[in-house]
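*Asks:* First, the structure itself, so that you have it in front of you.
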Amino acid sequence: MSVDRLGACVSDVRLAQEACVELRYGINPHQRAAEARPVHPGEWPVRVLRGSPSYINMLDALNGWQLVLEASRVLNRPAAASFKHVSPAGAALAGPVDAVTAELHGIDRDNVGALTSAYLRARDADPKSSYGDFAAVSHPVDSELAELLTRVVCDGIIAPGYAAGTVETLGRKKNGRFLVMEADAHFAPPQHEGREVFGLRLTQQRDTQPLSTALLDDVACGTLPASASDDLLLGLATLRHTQSNSVCYVRGGVTLGIGAGQQSRVDCTRLAGAKAGTWWLRRHPAVRALAFRPDVRRQDRINWQIRLVEGDLTPDERARLATALTAPAPELTNEQRTQWLAGLREVAFVSDGALPFRDNVDHAHRHGVEYIAEPGGSIRSAEVEDACREHGIALARTGLRLFHH
């Protein structure tokens, strides 16, 4: 890795052990003199090809890359993630792009490439949060994905490589400020990791516990089909790189809702469940039939869809939505919402920590959950299992906590 491509903090290339990446600023713009340097001199896990990263950009890139690398290796399919503030807004494997996503992005859903499909599915999981995201993909960026990225509001991407011409294409985005980073797919991280906080250096063994279907062998009730096991594994890989407490709902290789960083686990469950419900309601025929004016931007269309299905438009929003449409938009009734949400089925639910009460199961059931994976071991694990039996939910106890801070 050449020091000049990284942007060295020293002028003498021979002092490779001192090389570092100068960051635009720290977590906040007023925190200056920020930099990143390898733990072992000269051993870089990533390199910057275009743009200048901030502290948070670097955290998003490193977390996102680890997520997609692990998901792809475990499930043997291309994977993508859409990161915001050091947690994924969405993560997905390559797979079918549904009509709603295809319409919004103007693509041919029958001919979209695998890597592009993975990113589109990840971004559409929570498209409001993915506005201005940092993308991560498990495979080299091809021309199709590069062209798509030029048309969405995205701040940067990390990938293990780039097809000819794609770095130049992406480098022109945002007047040259779009971040293009390359990950070393063969980099082996140190066995221990640490951070400095208020004058203390905290160190720990890196979490290297492998993810595999063996984690799902302890099925307390119900049965897990292969498709559910894949979704649960994707959920485990996602939560390993999501700020705790965290839970996620997964269906068909896509995270429909991720709840992260809440002090109460049931708050994560409800937050992620609301996102999963919003994802499903955006597929309602009445929402798909919204007649937007041609000049209304894609992100504004998405935001209006979400606000409409959330069901609490303010008077001002109703007036502004009316000006964005060529025909009135009927709001969904409670009965319509309930009937449509009842059609969301075969959802998997994963928790990074033990479910402490059955209320998590009760709330998850409301969003079509039929499969749950959690560590188990709480003092009320029997009550959690009873709740799963009542709702006809298959429960797998992994015995593995995946907190991430």
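*Asks:* Looking at this structure, is HIS85 under 21 Å from ARG47 (Cα atoms) and touching a residue at least 24 places away in the same chain (Cβ under 8 Å)?
*Replies:* Working: under 21 Å from ARG47 (Cα atoms): yes; touching a residue at least 24 places away in the same chain (Cβ under 8 Å): yes.
Here the answer is yes, as HIS85 does meet what is asked.
Results for (1) aromatic (Phe, Trp, Tyr); (2) touching a Ser or Thr at 6+ places or on another chain (Cβ under 8 Å); (3) in a helix (DSSP H, G or I), shown as yes or no for each residue.
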| position | (1), (2), (3) |
| --- | --- |
| ASP312 | no, no, no |
| ALA319 | no, no, yes |
| PRO330 | no, no, no |
| PRO356 | no, yes, no |
| HIS405 | no, yes, no |
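*Asks:* Inside segment 282-305, can you point out the residues that are touching a residue at least 60 places away in the same chain (Cβ under 8 Å) and either in contact with a Cys (Cβ under 9 Å, 6 or more places away or on another chain) or more than 15 Å from THR333 (Cα to Cα) (or both)?
*Replies:* The initial filter retains those residues of segment 282-305 that are touching a residue at least 60 places away in the same chain (Cβ under 8 Å), namely 282-283, 288, 298-299, 301-303.
Within segment 282-305, ARG283, ARG288, ARG298, GLN299, ARG301, ILE302, ASN303 meet the criteria.
*Asks:* Out of all the residues in segment 337-377, which are without any contact (Cβ under 8 Å) to a residue 60 or more places away in the chain and at positive phi?
*Replies:* GLY377
*Asks:* Let me ask something else about it. Considering only segment 384-391, I want to know if a residue exists there that is in contact with a helix residue (DSSP H, G or I) (Cβ under 6 Å, 6 or more places away or on another chain), outside any helix (DSSP H, G or I) and in contact (Cβ under 8 Å) with a residue 12 or more places away in the chain.
*Replies:* There is no residue in segment 384-391 that is in contact with a helix residue (DSSP H, G or I) (Cβ under 6 Å, 6 or more places away or on another chain), outside any helix (DSSP H, G or I) and in contact (Cβ under 8 Å) with a residue 12 or more places away in the chain.
One line per residue, one yes/no per condition, for (1) in contact with a helix residue (DSSP H, G or I) (Cβ under 9 Å, 6 or more places away or on another chain); (2) of a type in the set (S, T, N, Q):
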| residue | (1), (2) |
| --- | --- |
| ALA114 | no, no |
| LEU145 | yes, no |
| ILE158 | yes, no |
| TYR162 | yes, no |
| GLY165 | yes, no |
| THR169 | yes, yes |
| LEU179 | yes, no |
| PRO189 | yes, no |
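*Asks:* So GLN262 passes all but one of these: (1) surrounded by fewer than 21 Cβ atoms within 10 Å (Cβ to Cβ); (2) out of contact with any helix residue (DSSP H, G or I) (no Cβ under 7 Å at 6 or more places or on another chain). Which condition number does it fail?
*Replies:* Failed condition: (2).
*Asks:* I need a count of the residues in segment 231-276 that are in a helix (DSSP H, G or I) and touching a strand residue (DSSP E or B) at 6+ places or on another chain (Cβ under 8 Å). Explain how you work it out, then say what you get.
*Replies:* Narrowing segment 231-276 to residues in a helix (DSSP H, G or I): 231-239, 265-276.
Subset that is touching a strand residue (DSSP E or B) at 6+ places or on another chain (Cβ under 8 Å): 231-232, 234-239, 265, 267-276.
Looking only at that region, the number is 19.
Read-outs: derived from the displayed coordinates by stated rules, not from any lab. The model shown is predicted, which means the values in this text are computed figures rather than measured ones. Please note: Cβ atoms are built from the backbone with ideal geometry, for glycine as well, and neighbour counts cover all protein chains shown.
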